[in-house]
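To keep things clear, I will list the structure first and then write my remarks on it.
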Amino acid sequence: SAKEGGRNALAYYDAAMADAVEGRTALEAELRLAFERREFEVHYQPIVEALSGRIVGAEALVRWRHPQRGLVAPDVFIPLCESTGLIRRLGALVFSSAAHQQVAWAQAGHVLRIAVNLSARQLRGAELLSDLAAALRASGADPRQLQLEITESMLLGQDNELLALFQSLQDLHLGLALDDFGTGYSNLAYLQRFPIDTLKIDKTFIQGLQNNRALAELIVSMARLMRLRVVAEGVETQEQLAWVRAQGIEFCQGYLFARPLPVADFGALLAAR
Ligand code: C2E
Ligand code: MG
Ligand code: MG
Ligand code: MG
């Protein structure tokens, strides 16, 4: 089934090797070639309504289909894209794919809100806004159906520049989500200062409920206090889903529903519903 399709599909090759100087240089050269050879693929993981299971959105997650290594996970190559400056190109590719995909699914009758991850270096780059605006224009996507995901650490100590950037994102009508919430400072002041509309509760809380239930519930009440949309990440079991529902968390994402899927498999899942 589509749910099984992505299982174990990612080849997590030895990250230590990628760090070794030689390996790193080779990987960097291959990474540059990967753009020419169009080896990047964007997979989509459903975001569902917790009560109904209805698919209401998706997160875009990039993979590298390497000719020898197989499907390489983002944790391996995103840091290298950041340190080499290739992240601008990769980020633009992912956002543009997501915007076009949003339109294609909407035209097929499935209006989904699609979330795209940003990395720290993209936030500091001057080109981000023009790249986003260009992709919106080219795709004709409704920006209200697109959302950018950032993490708390990206917000540290750069208030003024970021406020201006986020104001411009709001002017473009793009949504902003705080990803991996609970793993950083979980600072309420950030949530107040920045125009964040969604909190994604990190999977470590969902998966560690037997140990940190009280902490997880505190995080949920913070989100509720701030009147934010809440997404529970990493929901793998019925027990976790039951907790999510009991907490009144509206949305969830996790292997219980589906792994990140290639576009064709995601489309099949939509058609089957
Ligand atoms: P993230 O944004 O927090 O994405 C969620 C990660 O959790 C994904 O890993 C997803 O496959 C995984 N996941 C989803 N449900 C479950 C579950 O039930 N159990 C478990 N154990 N894991 C689950 P993935 O695709 O390997 O991505 C890892 C990270 O790489 C992402 O974390 C994000 O920070 C980064 N990333 C992925 N795509 C992009 C991109 O296009 N641009 C940037 N800048 N970063 C990206
Ligand atoms: Mg994310
Ligand atoms: Mg996350
Ligand atoms: Mg993450």
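The values are calculated or read from the model by the stated rules, or taken from the named source; none is laboratory data. Quick caveat, the model's predicted, so the values are computed rather than measured. Quick reminder, even Gly has a Cβ in these numbers, built from the backbone with ideal geometry, and neighbours come from all protein chains shown. Heads up: the accessible areas ignore ligands, DNA and RNA and are worked out on the full protein's heavy atoms, side chains in. Shrake-Rupley method; radii C 1.70, N 1.55, O 1.52, S 1.80 Å.
For segment 112-150, a residue qualifies if it is within 16 Å of ligand 1 (Cβ to nearest atom), among the polar types (S, T, N, Q) and out of contact with any helix residue (DSSP H, G or I) (no Cβ under 8 Å at 6 or more places or on another chain), and exactly one does: Q147.
Which of the following residues is buried (at least 16 other Cβ atoms within 10 Å of the Cβ), at pLDDT below 95 and either hydrophobic (A, V, I, L, M, F, W, C) or out of contact with any helix residue (DSSP H, G or I) (no Cβ under 8 Å at 6 or more places or on another chain) (or both): A18, A11, A29? Even if it seems obvious, please write down each step before you answer.
Values: A11 fails: buried (at least 16 other Cβ atoms within 10 Å of the Cβ); A29 fails: buried (at least 16 other Cβ atoms within 10 Å of the Cβ).
Answer to the check: A18.
Restricting segment 103-131 to residues that are within 16 Å of ligand 2 (Cβ to nearest atom) and open to solvent by less than 30 Å² (accessible area, probe 1.4 Å) leaves a set whose member that is nearest to L199 (Cα to Cα) is A115.
In contact with a Cys (Cβ under 6 Å, 6 or more places away or on another chain), free of Cβ contacts under 8 Å to residues at least 40 places away in the same chain and not hydroxyl-bearing (S, T, Y): which single residue out of V235, V244, V220, V230 fits that description? Checking each option against the conditions leaves just V235. Within segment 98-111, is even one residue closer than 30 Å to A246 by Cβ, within 16 Å of ligand 4 (Cβ to nearest atom) and not hydrophobic (A, V, I, L, M, F, W, C)? Looking through segment 98-111, none of the residues is closer than 30 Å to A246 by Cβ, within 16 Å of ligand 4 (Cβ to nearest atom) and not hydrophobic (A, V, I, L, M, F, W, C).
Note on segment 156-273: enclosed helices (runs of 4 or more DSSP H) holding 1 or more residues that are more than 16 Å from ligand 4 (Cβ to nearest atom) and closer than 19 Å to A60 by Cβ are 159-171, 263-272. With respect to the conditions (1) under 24 Å from Q240 (Cβ atoms); (2) surrounded by 13 or more Cβ atoms within 10 Å (Cβ to Cβ); (3) not aromatic (F, W, Y), N211 lacks only one, and its number is (2). Look at (1) surrounded by 14 or more Cβ atoms within 10 Å (Cβ to Cβ); (2) free of Cβ contacts under 8 Å to residues at least 24 places away in the same chain and you find that N160 fails only one, number (1).
The strands (runs of 3 or more DSSP E) located wholly in segment 22-127 that include 1 or more residues which are within 23 Å of R229 (Cα to Cα) occupy 40-49, 55-66, 113-117.
Quick one: count up the residues across segment 147-164 that are hydrophobic (A, V, I, L, M, F, W, C) and over 19 Å from the mean Cα position of the chain (by Cα). Working first, answer last.
Of segment 147-164, the ones hydrophobic (A, V, I, L, M, F, W, C) are 148, 150, 154-156, 162-164.
Now restrict to residues that are over 19 Å from the mean Cα position of the chain (by Cα): 156, 162-164.
Looking only at that region, the number is 4.
Of the residues D171, D202, D197, the single one that is within 14 Å of ligand 2 (Cβ to nearest atom) and acidic (D, E) is D202.
Condition check: modelled with pLDDT of 95 or more, open to solvent by 20 Å² or more (accessible area, probe 1.4 Å) and within 12 Å of ligand 1 (Cβ to nearest atom). Does A92 satisfy that?
Details: modelled with pLDDT of 95 or more: yes; open to solvent by 20 Å² or more (accessible area, probe 1.4 Å): yes; within 12 Å of ligand 1 (Cβ to nearest atom): yes.
Yes; evaluated as a whole, the condition is true for this residue.
Could you grab me the full set of residues in segment 195-208 that are surrounded by 20 or more Cβ atoms within 10 Å (Cβ to Cβ) and either within 18 Å of N117 (Cβ to Cβ) or aromatic (F, W, Y) (or both)?
We begin by selecting, within segment 195-208, every residue surrounded by 20 or more Cβ atoms within 10 Å (Cβ to Cβ); these are 196, 198-203, 205-206.
Within segment 195-208, I196, T198, L199, K200, I201, D202, K203, F205 meet the criteria.
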